[in-house]
Amino acid sequence: MRLAASISLTALALAACATTAAPTPPAAVVEVPAAATPAAPALTPEGAREFVAAAEKDLEGVSLIGSRAAWVNATYITDDTDMLNRYFGTIATEKGVKYATEAAKWLQVPGLDPDTVRKLNLLRGGLTLAAPTTPGAAAELNDITTRLQSAYGKGRAKHNGKVITGEDAEALMGTLRDPRQLAEVWQTWHETTGRPMKPDYTRMVEIANAGAKELGYADTGAMWRSQYDMSPEQFSAMYDRLLGELDPLYKQLHCYVRTKLNQKYGSAIQPATGPIRADLLGNMWAQEWGNVYDIAAPKGTGDIGYDIGDLLKKKGYTPVDMVKTGERFYTSLGFPALPETFWQRSQIVRPRDRDVICHASAWDVDFKDDLRIKMCTKVNSDDFVTIHHELGHNFYQRAYNQQPFLYQNGANGGFHEAIGDFIALSVTPEYLVQIGLLDRSKVPSADKDIGLLLRQAMDKVAFMPFAYIVDKWRYGVFDGSTPPAKYNQAWVDLKQQYQGVVPPVPRSEADFDPGAKFHIPGNTTYERYFFARVLQFQFYKAACDMAGWKGPLHRCSFYGNKEVGRRLNAMLAMGASHPWPDALEAFTGTREISGKPMLEYFAPLQAWLQQQNQGKQCGW
Ligand SMILES: [Zn+2]
C-alpha cells in the first residue's frame, strides 16, 4: 500500500507489506486541477524554496489528521470511518496533484540549490498516475481507475463449475493438485477478471501518458523510473543487470522443479523439457512456488525438527510477548525501546467486537514517535517472523523522524520492505538459541539446510523474474513499444522469456491476462518488490560481515551487535534525503546494488541443484 507518491498521506503514514495480497489502495490517481494557484511566489530560486517550504508544511498538516482517519478506519471499519478516510484521502490527492504541477514549473527556474531540486522532483514525480489539464480528463481517468480496481475486487473464477471469489481462487491454486481443476481456476480467473478490463486500460494509458508529458516526463513509465536518482536508461540497465546476476540460480531452480512436476504429473501434462505450465506452480501468477514445496521437497531433509510456533506455545508466549521479543532484536542492536504509546495504541490482536483490516502493517501516525503496528497476531511461526518485519518499518520511521517531511521515506521504493525482510531473515536457529527459545542441542544439523533453503528459494528466487516483468510490461505499454493490439501477447512472451512458464490454455488478444494481477488494474508499481528482494540479502550480508560471522551466510545471527546497529541507524536516519546509493553506502560500504549476496546465501542450494540437474537439459 506504500504508493510511489511520497506526497500521498497514506503512503507516508504507513508501510504495508504485500506483494501478493490486494489491500485496498488509496486513490492512485491524481488530478491536475484547471485553476491556477493564487499569489505564487516570484520565479526565482528563493521563490522555489518558499514554494517547497509551504508545500511541505501544508502536506504535513493534512497528513497529521489524515493518518488518524486512516488508522481509525483500518481498525474500526464502519460506513462513517470509510467516509472520513475517503474525505482526507481526496484532499491529499488533490494537494498532491496541485503541487506536482507547480513543482514541474519551479524546476524550470535556473540556479536552484540541490536540496530544492530534490524536493521538487519528489513532489513532481511522486504521483502514480497524472491526468492532463484537458477538460474532463481528470474525471475520466478517475472513473477508469476506480472501475478497474473494482473490477478486480469483484473478479470471480470457477472451480468444478461453481463460482468462487478471487481469494478462494488464489488459495485453491496453492492446494489443488488436479491439473484439470487447476487449469479451470486459472482460465476462469484470467478471463472473467482480466478480459473486460482491456478497453479501460488502453484508454487509461493514453490519458496518464498525456498527464506525465505535461509534468515533463516522456511517459508514465519514465515518471515512475524517475524516482531512482538516475535516468530511465540507467535504471533499465541496473534492472537488467540484477536479473542477469540471479539468472543462473533461477535456471537451476526452474530445471529442478520442472523435473519434479514432470515426475508427478507425467509428460503429457508437464514435459521434461521446455517451459513449465504456469498453473502447476502453486500460485495464480507463478510468482512464488512455496505452495508446491511438497512436490519438490527432497526426501528426509524437508523436516527441520522444530516449529517456532510450537516453541512459542511451549514457553507460554502471548502475542504481546512475541512483539516484545521482536522489539528486543532492535534494542539489542542499540536502538531505543519503542515508546509507551506503541503498546497502548497498536492493534496486536484482532478485536472481538468489530471489523478491522487484519493485513499486517506498520504506522507512524505523527511522523515523530507515535509508532504502531496493526496485526491480528496468532502464536505461530509466520506471525513471529512478520512481527520482526513490521517492526523494521517502525524503527526505520523513527530513525528518520528528524528529516523534513518530504524526506521521511525509504531511500528508494525498495528500502522500506527490504529492512523488514532483512531482519526477518535473521530469525535463524542461532538467533532462537540466543533468545532462549531453542535448546542448542536442537539446532538442526547442516544436512537439513537444503530443505530450508529450497523452501525459501521457491518463494524468494522464483519471484525475481516475475517481479521484473510486471513493470517491464508496463514500461513497454507506456512508451508505446507494446501497442494495444499486442498487450496480451507481450505479457505471455515476457512470462515465457524470463520466467520460463506458459499458460495452460491458448491465449489471444481477446484476453487481458495482465489485468488478472492486482497491481496492474490497481496501478501499483512493482519495481520496489524486485529491489527489496535483492537489497535484503545485501543488508544481511553486510550485517553478518560486520558481526564477524564465519559460518554459512544463511545461518548467521548478528543479534546484540551494537556496531551493526550503529551503521544501520546511519542509513535509516537519512530517510530519502540523499540519493539512495549514499544510504546504501552508509550501511554496506558499497554504492552498488548487487545480487551477489543473494547468490551467496543460496550457494549451498545452487550447488545441490546442479548435482540434481546433472544430465538434464536445463533452460527452455
Ligand atoms: Zn513490509
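With kT/(6 pi eta Rh) evaluated at 10 °C and eta = 1.306 mPa s, and Rh the Kirkwood radius from Cα pairs, the range 244-344 diffuses with a coefficient of 90 µm²/s according to Stokes-Einstein. In this simple spin-label approximation, Glu50 and Ile269 carry label points 7 Å from Cα along the Cα→Cβ vector, and these lie 7.1 nm apart. Spatial offset of the range 599-620 relative to the range 517-552 amounts to 22 Å, using the alpha carbon center of each.
What the phi angles of the range 370-380 give under the Karplus curve with 6.51, -1.76 and 1.60, with θ = phi - 60°, is a coupling list of 8, 7, 8, 10, 10, 9, 10, 5, 10, 7, 8 Hz, glycine and proline written as x. Working note: Karplus 6.51/-1.76/1.60 with θ = phi - 60° gives the range 162-176 the couplings 9, 5, 10, 6, x, 4, 5, 4, 4, 5, 5, 4, x, 10, 5 Hz, where Gly and Pro are set to x. For the chain, carbon and sulfur atoms together expose 53% of the accessible surface, with a 1.4 angstrom probe and every protein chain in place.
The value for the chain of Rg(Cα) / (2.2 N^0.38 Å) is 0.95. Straight Cα distances below 16 angstrom link Lys299 to the aspartates and glutamates Asp447, Asp449, with same-chain residues fewer than 8 positions distant left out. With the cut-off at under 12 Å, measuring from each backbone N in the range 413-438 to a point 7 Å along the Cα-to-Cβ line of Asp321 picks out 437. Which whole-Hz couplings ³J(HN,Hα) result when phi for each residue of the range 46-55 is put into the Karplus expression 6.51 cos²θ - 1.76 cosθ + 1.60, θ = phi - 60°, listed in order with x for Gly and Pro? Couplings: 5, x, 5, 4, 5, 4, 4, 4, 5, 4 Hz. Probing with 1.4 Å while keeping every protein chain in the model, the per residue accessible area of the chain equals 38 Å².
For Thr78, the shell of other residues with beta-carbons less than 9 Å away shows a net charge of -3, using +1 for Lys and Arg and -1 for Asp and Glu.
Anisotropy class assigned to the range 169-284 is oblate, per the alpha carbon gyration tensor with a/c at or over the 1.5 cut-off and a/b no larger than b/c.
Shape analysis of the range 568-609 yields a ratio of the Cα radius of gyration to the Kirkwood radius, Rg/Rh, of 1.19. Taking amide H as placed 1.01 Å from N in the peptide plane, Arg277 has its amide H under 5 Å from the amide H of Val502, each at least 5 places away in sequence or on another chain. Normalised by the number of residues in the range 472-557, the mean separation of alpha-carbon contacts (under 8 Å, six or more apart) gives a relative contact order of 17 percent. Full extension of the chain segment joining Asn121 with Ala446 gains 112.0 nm, where the gain is 0.36 nm per residue of separation less the Cα-Cα distance. Among the trypsin sites (Lys or Arg not before Pro) within the range 176-239, those in coil by DSSP and having at most 16 neighbouring Cβ atoms inside 10 Å are Arg177. The label-point distance for Asn380 and Asp479, in a model that sets each label 7 Å from Cα toward Cβ, rounds to 4.3 nm.
The lysines within cross-link reach of Lys460, meaning a Cα-to-Cα straight distance under 18 Å and a gap of 8 or more places when in the same chain, are Lys251, Lys495, Lys541, Lys596. Under the convention that each Lys and Arg Cβ holds +1 and each Asp and Glu Cβ holds -1, the size of the dipole of the chain around its Cα centre is about 1360 debye.
Extension gain, Gln612 to Glu245, is 130.0 nm, computed as 0.36 nm per intervening residue step minus the present C-alpha separation. Note on Ala510/Thr175: beta-carbon distance plugged into 1/(1 + (r/R0)^6) with R0 of 22 Å gives a FRET efficiency of 0.15. Here the extension length gained between Asp58 and Thr590 equals 187.9 nm, from 0.36 nm per residue of separation less the Cα-Cα distance. Classify the range 461-620 as rounded, prolate or oblate, taking a ≥ b ≥ c as the square roots of the eigenvalues of its Cα gyration tensor: rounded when a/c is under 1.5, otherwise prolate if a/b is larger than b/c and oblate if not. It comes out oblate by the Cα gyration axes. The relative contact order of the chain, computed from alpha carbon pairs under 8 Å that lie at least 6 residues apart in sequence, is 19 percent. Spatial offset of the range 114-182 relative to the range 391-414 amounts to 26 Å, using the alpha carbon center of each. Amide H to amide H distances under 5 Å link Ile164 with Ala157, Lys158, His159, where only residues 5 or more positions off or on other chains count and H is placed in the peptide plane. On the beta carbon distance between Arg350 and Val163, with R0 = 25 Å, the FRET formula returns roughly 0.30. Counting Lys and Arg as +1 and Asp and Glu as -1 over every other residue whose Cβ lies under 12 Å from the Cβ of Leu172, the net charge comes to -3.
Local charge for Asp582 was computed over the other residues whose Cβ lies under 12 Å away, with Lys and Arg +1 and Asp and Glu -1, and equals 0. All distinct Cα pairs of the range 528-578 go into the 1/r average, and the inverse of that average, the Kirkwood radius, is 12.0 Å.
Restricting the range 529-587 to chymotrypsin sites (Phe, Trp or Tyr not before Pro) that sit in a DSSP loop and have at most 14 other Cβ atoms within 10 Å of their own Cβ leaves nothing. For a straight C-alpha distance cut-off of 23 angstrom, the lysines reachable from Lys368 (same-chain residues fewer than eight places away being disregarded) are Lys57, Lys95, Lys119, Lys324. Overall shape of the range 56-141 was characterised from the C-alpha gyration tensor. The equivalent ellipsoid obtained from it has semi-axes of 29, 18, 8 Å, in decreasing order. When the chain is described by a simple charge dipole with +1 on each Lys and Arg Cβ and -1 on each Asp and Glu Cβ, the residue from Pro521, Ser231, Thr192 located farthest towards its positive end is Thr192.
The values are calculated or read from the model by the stated rules, or taken from the named source; none is laboratory data. From a predicted model like this one, the values you see are computed outputs, not experimental measurements. Note that each Cβ is placed from the backbone with ideal geometry, even for glycine, and that neighbours are counted across all protein chains shown. Heads up: the accessible areas ignore ligands, DNA and RNA and are worked out on the full protein's heavy atoms, side chains in. Shrake-Rupley method; radii C 1.70, N 1.55, O 1.52, S 1.80 Å.
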